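Let me begin by presenting the structure, written as structure tokens, before commenting on it.
Each value in this text was obtained by applying a stated rule to the coordinates, not by laboratory testing. Bear in mind that the values here come from a model prediction, so they are computed numbers and not experimental data. Ideal geometry is used to build each Cβ from the backbone, glycine not excepted, and the neighbour counts take in all protein chains shown.
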Amino acid sequence: MVESEQPSVDVSPSEAKALLVDLRRRVDALDDQILGLLDQRARAATEIARAKRRLSLVLHDPEREQQIVQRLEAAVSARADAVFPKSAIRPVWREVMSACLSLEQPLTVAYLGPPGTFTHMAACRAFGLAAHYVEANTIPGVFDAVSRGRVTYGVAPIENSTEGGVTFTYDSLLDGDAMIRQELVLDVAQCLIGQTDELGSIERVYSHPQALAQCRNWLSKNLPNAQLVVSPSTTLAAREAAADPSSAAVASRMAAEIAGLVILREGIQDYEQNATRFVILAKTDAPPTGDDKTAVAFSTPDQRGALRSVLEVFDHESINLTRIESRPSRSKIWEYVFFTDLEGHRSEPRVERALARLAETCRMTKVLGSYPRAK
């Protein structure tokens, strides 16, 4: 609405009603125009898919999709008079691109289920509602679906800002051949959900171990006498709470809606800034974009200064490590594998040199994937 069309305080009810009717007609006309443009975009996307087939190119290009979103966000930011929120660009165009892609090649995506988990939410944010989602019961099951070609992509949690790394994801990256193609960071707001709003009547709280750990202090303070019961996922925890009137669950808002439960308290995580990083898995990693990260696993010889020598390799090439974490190797007692994320793509000369030196000095070196930095 432009300023001249806003009713003044002196406008009569009949004039305000007429103006409202006129504005709704304008909105309907604009919606018709948007629908027509969407149809044109879908036709253009179909032609692009045909051209890619003739060139034997992969139909889905997530890096190109990221460029589209970033260009549109920049365009909104550059307009001083823009009203449409920049934060809405990504989710809106995610669905537009997902719908267009489904006309030629519906994406198949495996995720750690069941529906309503934070991994499910992350998958939907990455690929939109038009993708075909395949529920996996375990994180290794997600990796297996990608490795066997049953799905195009897989989504798994790898790190929480409060509780650290996800063991099963690290182990599966090390043991399998699926690679990291993208990363996605999802803000995690944990909710206490159940059938009754009386906290004093809650005897049990169901949830996944990670969710319980993220809310440890809140649960201790507000439900000190409740038994904490571990569930395979937050969604299954919601189902258990739905069948147990004397219980509650720690889960997402989506899980509450699916299970038909009431949100008793929202944002009960101990730290307000609680986020989980997810990795999108594929058979190949991503081409360089200019703002990339590379995940690497390596194990060092059992000798003094071995880890320091590895870190000096990265320092010599001026490569910044954004994360490093150790895990038992499982092949030999008291041996460890180090997982690290570094800035840069594995095809960059400095990263290539560092990885080559690692292969010469380490017992084991494995590149887990190069991928664009999450925006």
Inset, instruction - Based on other C-beta atoms within 10 Å, arrange Ile193, Ile68, Ile139 from fewest to most. - result: Ile68, Ile139, Ile193
Inset, instruction - Could you tell me which of rounded, prolate or oblate describes region 106-188, using a ≥ b ≥ c as the square roots of the eigenvalues of the alpha-carbon gyration tensor, with rounded for a/c under 1.5 and, failing that, prolate when a/b is larger than b/c and oblate otherwise? - result: oblate
Legend entry - Magnitude of the charge dipole, the chain, Cβ model with Lys/Arg +1 and Asp/Glu -1, debye to 20: 1080 debye
Inset, instruction - Using θ = phi - 60° and the Karplus relation 6.51 cos²θ - 1.76 cosθ + 1.60, list the HN-Hα couplings for region 273-280 in order, rounded to whole Hz, with x at every Gly or Pro. - result: 8, 10, 9, 10, 9, 10, 10, 9
Inset, instruction - Please state the charge dipole magnitude for region 286-372, taken about the Cα centre, from unit charges on C-beta atoms (+1 on K and R, -1 on D and E), reported in debye and rounded to the nearest 20. - result: 400 debye
Inset, instruction - Quick one: of Lys52/Lys375; Lys283/Lys366; Lys86/Lys375; Lys283/Lys375, which pairs are farther than 25 Å apart, Cα to Cα? - result: Lys52/Lys375
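Based on the mean of other Cβ atoms within 10 Å per residue, sort peptides 307-313, 126-132, 277-283 so the most packed one is first.
Per-residue Cβ counts within 10 Å, averaged per peptide and sorted highest first, yield 277-283, 126-132, 307-313.
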Inset, instruction - Quantify how much of the Cα-Cα distance distribution of the chain extends past 33 Å, in percent. - result: 45 percent
Inset, instruction - Sort Tyr371, Tyr133, Tyr336 so the one with the fewest other Cβ atoms within 10 Å of its own Cβ comes first. - result: Tyr336, Tyr133, Tyr371
Inset, instruction - Taking the Cβ of Asp177 as the centre, find all other residues whose Cβ is under 12 Å away and add up their charges (Lys, Arg: +1; Asp, Glu: -1). - result: 0
Legend entry - Order of Arg50, Arg327 - criterion: other Cβ atoms within 10 Å of each residue's Cβ, fewest first: Arg50, Arg327
Legend entry - Kirkwood Rh and Cα Rg combined as Rg over Rh, evaluated for region 152-308: 1.08
Inset, instruction - Two decimals is fine: what's Rg over Rh for region 191-268, C-alpha atoms, Kirkwood radius as Rh? - result: 0.90
Inset, instruction - Could you quote the convex hull projected area for region 267-375, Cα atoms only and averaged over all directions, in nm²? - result: 9.2 nm²
Inset, instruction - Only helical DSSP H runs with n ≥ 4 go in: add -39500 (n - 2.57) per run for the chain, normalise by residue count and round the 222 nm mean residue ellipticity to 500 deg cm²/dmol. - result: -13000 deg cm²/dmol
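Percent antiparallel among DSSP beta bridges with both residues in the chain, to the nearest 5? Don't skip to the end; give the middle numbers.
Values: 45 of 60 bridges.
Once the DSSP bridges in the chain are tallied, antiparallel ones form about 75 percent.
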Legend entry - Unit charges at the beta carbon, dipole of region 310-361: most positive-side option, Val337, Ser318, Ala354: Val337
Legend entry - Among 294-301, 248-255, 38-45, the order from most to least packed when residues are scored by Cβ within 10 Å on average: 248-255, 294-301, 38-45
Inset, instruction - Report, in whole Å, the centroid distance computed from the Cα atoms of region 152-199 and region 310-328. - result: 24 Å
Inset, instruction - For the chain, calculate the relative contact order in percent as a whole number, restricting contacts to Cα pairs under 8 Å that are 6 or more residues apart. - result: 16 percent
